[in-house]
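Here the structure comes first, spelled out in structure tokens, and everything after it is commentary.
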Amino acid sequence: MLQSALRLTNEAFASQLGIAVRTVATWHADPSVITWQFPAGVVKPGARPETATVRETLDETAVHCAVRQSLGSRLHPVTGVLCEYFLCEYLAGEATNGDAVENVDVMWVPRNSVTRFIDADRIFPPVLAALEEQT
């Protein structure tokens, strides 16, 4: 209601609160539901998406990773934001919640169990294929 009263777009409201646009979009989809998702973030002007991937994973989960492969891009079906997806390799770190504003919790999930937490039809098909190839 506050966003509506201030007449802010999802992007402007997210910026005002210092949170991700996807968080605001999730609230609109169903504000009573908490959903699981992969680490994500915004690519800063002049930065490479791979750099943002490593940075956001570390910031949100305290896990160090390395990008191994691009899995493609799409307009996100909920946020309408252009998203790039990468397959990453774990390097080091204990998974902890590094961003309590955007995340309730962080946890490791076996690759073959991801669809117990995120519906397969909500996962970008190349990501789903990469998860299946890795099991």
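The values are calculated or read from the model by the stated rules, or taken from the named source; none is laboratory data. What you see is a predicted model; the values in this text were computed from it and never measured. Neighbour counts run over all protein chains shown; Cβ positions are idealised from the backbone, glycine included. Areas reflect the complete protein model, heavy atoms only, side chains present, ligands, DNA and RNA absent. Shrake-Rupley method; radii C 1.70, N 1.55, O 1.52, S 1.80 Å.
I need the full set of residues from the stretch 73-86 which are open to solvent by less than 40 Å² (accessible area, probe 1.4 Å) and modelled with pLDDT of 95 or more, in order please.
If we filter the stretch 73-86 for residues that are open to solvent by less than 40 Å² (accessible area, probe 1.4 Å), which is where we start, we get 79, 83, 86.
Phe86 - this is the single residue of the stretch 73-86 that is open to solvent by less than 40 Å² (accessible area, probe 1.4 Å) and modelled with pLDDT of 95 or more.
Answer yes or no: is there a residue in the stretch 100-113 that is modelled with pLDDT of 85 or more and at positive phi. First the steps, then the outcome.
Restricting attention to the stretch 100-113, the residues satisfying the condition of being modelled with pLDDT of 85 or more are 106-113.
Narrowing the set further to residues that are at positive phi leaves none.
Checking the stretch 100-113: not a single residue is modelled with pLDDT of 85 or more and at positive phi.
Can you pull out every residue in the stretch 6-17 that is under 17 Å from Val81 (Cα atoms) and either open to solvent by 60 Å² or more (accessible area, probe 1.4 Å) or charged (D, E, K, R) (or both)?
Of everything in the stretch 6-17, those that are under 17 Å from Val81 (Cα atoms) and either open to solvent by 60 Å² or more (accessible area, probe 1.4 Å) or charged (D, E, K, R) (or both) turn out to be Thr9, Glu11, Ser15.
Suppose we filter the stretch 34-72 for residues that are open to solvent by 70 Å² or more (accessible area, probe 1.4 Å), free of Cβ contacts under 8 Å to residues at least 24 places away in the same chain and not polar (S, T, N, Q); how many remain?
6
Give the residue, chosen from Arg55, Arg68, Arg122, Arg111, that is in contact with a helix residue (DSSP H, G or I) (Cβ under 7 Å, 6 or more places away or on another chain) and among the basic types (Lys, Arg). Lay out the reasoning, then the answer.
On the way: Arg55 fails: in contact with a helix residue (DSSP H, G or I) (Cβ under 7 Å, 6 or more places away or on another chain); Arg68 fails: in contact with a helix residue (DSSP H, G or I) (Cβ under 7 Å, 6 or more places away or on another chain); Arg122 fails: in contact with a helix residue (DSSP H, G or I) (Cβ under 7 Å, 6 or more places away or on another chain).
Result: Arg111 is the single residue among Arg55, Arg68, Arg122, Arg111 that is in contact with a helix residue (DSSP H, G or I) (Cβ under 7 Å, 6 or more places away or on another chain) and among the basic types (Lys, Arg).
Which residue pairs have Cβ atoms closer than 7 Å, lie 6 or more positions apart in sequence or on different chains, and pair a first residue in the stretch 88-101 that is part of a loop (DSSP other than H, G, I, E, B) with a second residue that is modelled with pLDDT of 90 or more and aromatic (Phe, Trp, Tyr)?
Matching pairs, first to second residue: Ala95/Trp108.
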